[in-house]
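Participant: Here it is, the structure, as structure tokens.
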Amino acid sequence: MNTEILGVLAMYGILVLLAIPIGRYIGKVYAGERTWPDPVLGPLDHVFFRLSGIKADRDMNWKQHLVALLTINLVWFLFSMLMLMNMSWLPFNPDGNPSMSADLAFNTTVSFVSNTNLQHYSGESGVSYLGQLVLMLFQFVSAGTGMAACAVVFNAMKERTTEKLGNFYNYFIKSCTRILLPLAIVVAIILVFNGTPMTFQGKDSYISMQGDTVQVSRGPAAAMIAIKQLGTNGGGFFGANSAVPFENPNYFTNMVEDISIVLIPMAMVFALGYILKRRRLAWVIFGVMTIGFLCFLIPSLFYEMKGNPSIGHLGISQSLGSMEGKEVRFGSAASAFWGITTTVTSNGSVNAMHDSFTPLTGMFTMLGMMVNSFYGGVGVGFLNFYVYMIIAVFISGLMVGRTPEFLGKKIEAKEMKIATMVALLHTFLILSFTALSSHLFAAHPQEYAGWLNNPGNHGFSEMLYEYTSSSANNGSGFEGLGDGVPFWNITCGIVMLLSRFIPIVGPVAIAGILAKKKYIPESAGTLKTDTTTFGIMVFAVIAIVVALSFFPALSLGPLAEFFGVK
């Protein structure tokens, strides 16, 4: 078997083997059970609770959870704007990087608070070390926020009839201290020992093989890279992200970082099974997600390892696969694997340039973000999948002539309206803003000529990808797009803001409403949700919604480019 394929199989195998026990551990944390790090991390939790005045044992209803979530994110937003617009004169800026303009600071702040990490700047030259540390804090905060919201939904699904769904701040703090922090320390140590810099000194000089003196950026990179992967944040310390040797020195670190991307999203599924005591349901959800993931991965591996036919027609050997925009350290297979893992989750980090992927691989990366629930982001990936489950239950109930029920609760008009709004919001934001940018570029080609380095089908794909990435809170991009201008900063910021918090508010509201309803014991006529049949139904709902929503746009972009290749 090809050694590159063996590397991909090894990464996925290790990922599943780690996700199962970590999922059990996460389940224990959210269930309030004793775990082995309690003697060390318990006092750290109490410090945060005491300093902030949080009463971790005070239960909240679903509305109070959402008020807490939105309030702390507003505080972080204001703090970030203040920091990023004043970096130039604040400490920890040895390279003298400038402050951000208001529109860029808005985009960056929304990006990191929303767990998107879309970067319209180059990390090593656009942000001071203090700015990087502030953004690294938000990588914990945004990931912890999504995980806490997911824990609320888990709790609501577990209870028979209740309004009390735990304490948001308790879930939030423990997500950061008990789950993200220990894993980030382990990954950061691995990176440091493999050559990733972790220093507060400024640029260093070295003499190149040509005899030139070159200034090389460095900084406290290892810590940020660890949490960017584990929290499905994705924002790189350096401009080229994990394609830079300082961020990703070798194939071993590539494996560690790639596994980290999907580890917690996958583990959250097994945490659900532990909390609900419904392991079969967890495996059904895992199966649907994995089948969807493989539908994107397998053809991507094929096309990237096959090579680019346009380059092959020039007489250039494609024995290594399509290597444009890729690192020889990783090869075409590991680059394709990373490209799919980073887009089926809301991570968005890259070890190769997605703009250089072959057309269909580029399409599959977009489809991963359009679905946004095959593993998905930490916490929010399951919330998106939960919406599809509600829709599938409702449709299944109508098909057999029964009142739709999910885990003993009736699905009625209110829940369906919320679920439908959340599902369609993603489509609306992507397609409407892509249409707006396409119209502006077509109507005023000279005024907006700097937007696209590749007009035509690929240029349309670049704009479609940017808004898809923003709406999926992913953050990767087709970097042929000139996005560092006010139009893209502001419009992408609006998309990121709406697509982050409404899809959190919706599922939490649905779960809270269902939790208050009377529990109906399962009977012979109850639709069972832990069966293969229901898994197929959920997969069909996802496929139909995505296909009907996005196929016309994909036809104008990557599909047209693919069929236009000679």
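The values are calculated or read from the model by the stated rules, or taken from the named source; none is laboratory data. As the structure is a computational prediction, the values presented were derived from the model and not from experiment. Don't worry about glycine lacking a Cβ; one is built from the backbone with ideal geometry, like all the others, and counts go over all protein chains shown.
Participant: For the structure I just gave you, tell me whether Met224 is outside the structural domain of Val141 (by TED's automatic domain parsing) and surrounded by 24 or more Cβ atoms within 10 Å (Cβ to Cβ). So that I can check it myself, show each step before the final result.
Facilitator: Working: outside the structural domain of Val141 (by TED's automatic domain parsing): no; surrounded by 24 or more Cβ atoms within 10 Å (Cβ to Cβ): yes.
So Met224 fails the test.
Participant: Now, a different point. Name every residue in region 523-539 that is small (Gly, Ala, Ser) and surrounded by 13 or more Cβ atoms within 10 Å (Cβ to Cβ), in order of residue number. Quick ask: steps written out before the conclusion?
Facilitator: So the first thing to find is which residues in region 523-539 are small (Gly, Ala, Ser), and the list is 523-525, 535.
Matches in region 523-539: Gly535 only.
Participant: Ok, one more. Criterion first (of a type outside the set (Val, Ile, Thr), out of contact with any Gly (no Cβ under 9 Å at 6 or more places or on another chain), assigned by TED's automatic domain parsing to the domain that holds Pro245 and touching a residue at least 24 places away in the same chain (Cβ under 8 Å)) does Glu163 satisfy it? Write out each step before concluding.
Facilitator: Working: of a type outside the set (Val, Ile, Thr): yes; out of contact with any Gly (no Cβ under 9 Å at 6 or more places or on another chain): no; assigned by TED's automatic domain parsing to the domain that holds Pro245: yes; touching a residue at least 24 places away in the same chain (Cβ under 8 Å): yes.
In short, no.
Participant: Sort out which residues of region 27-72 are in contact with a Gly (Cβ under 9 Å, 6 or more places away or on another chain), buried (at least 17 other Cβ atoms within 10 Å of the Cβ) and over 26 Å from Leu497 (Cα atoms), and write them in order of number.
Facilitator: Matches in region 27-72: Gly27, Tyr30.
Participant: Starting from region 121-145, take each residue that is in the same structural domain as Val67 (by TED's automatic domain parsing) and list its partners that are of a type in the set (D, E, K, R) and surrounded by fewer than 24 Cβ atoms within 10 Å (Cβ to Cβ), counting only C-beta distances under 8 angstrom and pairs at least six apart or across chains.
Facilitator: Glu124/Asp95; Ser125/Asp95; Ser128/Asp95
Participant: Given the criteria modelled with pLDDT of 95 or more and either buried (at least 19 other Cβ atoms within 10 Å of the Cβ) or in contact with a Ser or Thr (Cβ under 8 Å, 6 or more places away or on another chain) (or both), does Met496 qualify?
Facilitator: On the way: modelled with pLDDT of 95 or more: yes; either buried (at least 19 other Cβ atoms within 10 Å of the Cβ) or in contact with a Ser or Thr (Cβ under 8 Å, 6 or more places away or on another chain) (or both): yes.
Yes; evaluated as a whole, the condition is true for this residue.
Participant: In this structure, is Gly13 more than 30 Å from Ser332 (Cβ to Cβ) and surrounded by fewer than 13 Cβ atoms within 10 Å (Cβ to Cβ)? Full working, then the answer.
Facilitator: Values: more than 30 Å from Ser332 (Cβ to Cβ): no; surrounded by fewer than 13 Cβ atoms within 10 Å (Cβ to Cβ): yes.
No, not satisfied.
Participant: Right, here's the next one. With respect to Gly480, determine if the residue is assigned by TED's automatic domain parsing to the domain that holds Glu412, in contact (Cβ under 8 Å) with a residue 60 or more places away in the chain, closer than 25 Å to Gly231 by Cβ and not aliphatic (A, V, I, L, M). Steps first, answer last, please.
Facilitator: Values: assigned by TED's automatic domain parsing to the domain that holds Glu412: yes; in contact (Cβ under 8 Å) with a residue 60 or more places away in the chain: yes; closer than 25 Å to Gly231 by Cβ: no; not aliphatic (A, V, I, L, M): yes.
No; evaluated as a whole, the condition is false for this residue.
Participant: Can you tell me which of (1) crowded, with 22+ Cβ neighbours inside 10 Å; (2) assigned to a helix (DSSP H, G or I) is the one Gly477 doesn't meet?
Facilitator: (2)
Participant: Here is a follow-up. Give the residue that is nearest to Ile225 (Cα to Cα), with candidates limited to residues of region 305-334 that are under 23 Å from the mean Cα position of the chain (by Cα) and part of a helix (DSSP H, G or I).
Facilitator: Ala334
Participant: Mind listing whichever residues of region 137-186 are among the β-branched types (Val, Ile, Thr) and part of a helix (DSSP H, G or I)?
Facilitator: Narrowing region 137-186 to residues among the β-branched types (Val, Ile, Thr): 141, 145, 152-153, 161-162, 173, 177, 179, 185-186.
Val141, Thr145, Val152, Val153, Ile173, Thr177, Ile179, Ile185, Val186, listed by residue number.
Participant: Of the residues that sit in region 335-361 and are among the β-branched types (Val, Ile, Thr) and assigned to a loop (DSSP other than H, G, I, E, B), which one is modelled with the lowest pLDDT?
Facilitator: We begin by selecting, within region 335-361, every residue among the β-branched types (Val, Ile, Thr); these are 340-345, 350, 358, 361.
Remaining after also requiring assigned to a loop (DSSP other than H, G, I, E, B): 345, 350, 358.
Values: Thr345: 95, Val350: 95, Thr358: 92.
The selected residue is Thr358.
Participant: I'd like the full set of residues that are in a loop (DSSP other than H, G, I, E, B), of a type in the set (Gly, Ala, Ser) and closer than 14 Å to Tyr121 by Cβ, limited to region 92-106. Talk me through it step by step, then tell me what you get.
Facilitator: Residues of region 92-106 that are in a loop (DSSP other than H, G, I, E, B), as a first pass: 92-101.
With of a type in the set (Gly, Ala, Ser) added as a condition, the list becomes 96, 99, 101.
If the condition is that a residue be in a loop (DSSP other than H, G, I, E, B), of a type in the set (Gly, Ala, Ser) and closer than 14 Å to Tyr121 by Cβ, then Ser99, Ser101 are the ones that fit.
Participant: Pairs please, first residue from region 378-405 and in contact (Cβ under 8 Å) with a residue 12 or more places away in the chain, second anywhere and basic (Lys, Arg) and buried (at least 24 other Cβ atoms within 10 Å of the Cβ), Cβ atoms under 9 Å, 6+ apart in sequence or on different chains.
Facilitator: Listed pairs, sorted by first residue: Val380/Arg500.
Residues checked against (1) closer than 23 Å to Ser122 by Cα; (2) surrounded by fewer than 24 Cβ atoms within 10 Å (Cβ to Cβ):
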position: Phe293; (1), (2): no, yes
position: Ser300; (1), (2): no, no
position: Lys306; (1), (2): no, yes
position: Ser310; (1), (2): no, yes
position: Gly315; (1), (2): no, yes
position: Ser319; (1), (2): no, yes
position: Ser335; (1), (2): yes, no
position: Asn347; (1), (2): yes, no
position: Asn351; (1), (2): yes, no
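Participant: Hey, another quick one. List pairs: first in region 319-334 and basic (Lys, Arg), second at pLDDT 90 or above, Cβ under 7 Å, 6+ apart or cross-chain?
Facilitator: Close Cβ pairs (under 7 Å, with a partner that is at pLDDT 90 or above) amount to Lys326/Ser332; Lys326/Ser335; Lys326/Ala352; Arg329/Asn250; Arg329/Tyr251.
Participant: Of the conditions (1) modelled with pLDDT of 95 or more; (2) among the β-branched types (Val, Ile, Thr); (3) not in a helix (DSSP H, G or I), Thr529 clears all except one; give me its number.
Facilitator: (1)
Participant: Okay, moving on. Looking at region 107-134, which of its residues are part of a loop (DSSP other than H, G, I, E, B) and closer than 14 Å to Ser469 by Cα?
Facilitator: If we filter region 107-134 for residues that are part of a loop (DSSP other than H, G, I, E, B), which is where we start, we get 114-122, 127-128.
Ser114, Asn115, Thr116, Asn117, Leu118, Gln119, His120 - these are the residues of region 107-134 that are part of a loop (DSSP other than H, G, I, E, B) and closer than 14 Å to Ser469 by Cα.
Participant: Do you know which residues across region 364-416 are touching a Cys at 6+ places or on another chain (Cβ under 6 Å) and either of a type in the set (Ser, Thr, Tyr) or not in a helix (DSSP H, G or I) (or both)?
Facilitator: Gly379
Participant: Would you tally the residues in region 132-164 being surrounded by 24 or more Cβ atoms within 10 Å (Cβ to Cβ) and at pLDDT below 90?
Facilitator: Total satisfying the criteria: 0.
Participant: Here's something else I'd like to know. Looking at Gln215, Gln201, Gln210, which one is free of Cβ contacts under 8 Å to residues at least 40 places away in the same chain, surrounded by fewer than 24 Cβ atoms within 10 Å (Cβ to Cβ) and assigned to a loop (DSSP other than H, G, I, E, B)?
Facilitator: Residue meeting the stated conditions: Gln210.
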